[in-house]
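Peer 1: Have a look at the structure that comes next, please.
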Amino acid sequence: MLVWVIYDITENRIRQKVSDCCKSYGLYRVQKSVFLGDLNSNDRDSLALECEEWIDTEKDSVYVFPMDEQSFKQVKLIGQAFDKELVSDEIITKLF
């Protein structure tokens, strides 16, 4: 299932850990604090648990949003929505 991971983390070191974790699960960076990709439910839960261990839950946030294909096809992109250098052709193809 497609998953969006969106975060707002104050500390650079922790933000980098979360970013690296997203990449290690094969997610594609679509904005500085936004990743997108396919994850099964076990990987989605594991990613969320790892992030929860690192962040300060009093001031940081990580959102993990699963999205079905039908809903994903309805996503509207306005302006410079994706940096094509950071997103794979596979994901871009699914967007349009």
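Derivation of every value follows stated rules applied to the coordinates shown; laboratory data play no part. This structure is a prediction, so every number in the text was calculated from the model and none was measured. Backbone-built Cβ (ideal geometry, glycine too); neighbour counts: all protein chains shown.
Peer 1: Can you tell me the FRET efficiency between D68 and S46 if r is taken as the Cβ-Cβ distance and R0 is 22 Å, rounded to the nearest 0.05? Each step should come with its number before you reach the end.
Peer 2: Numbers: r = 21 Å, r/R0 = 0.93.
Efficiency for this residue pair is about 0.60.
Peer 1: I need the peptides 15-28, 64-77, 37-50 ranked by packing, meaning the mean over residues of other C-beta atoms within 10 angstrom, with the highest value on top.
Peer 2: Working: 15-28: 16.5, 64-77: 10.8, 37-50: 14.8.
So the order, starting with the most tightly packed, is 15-28, 37-50, 64-77.
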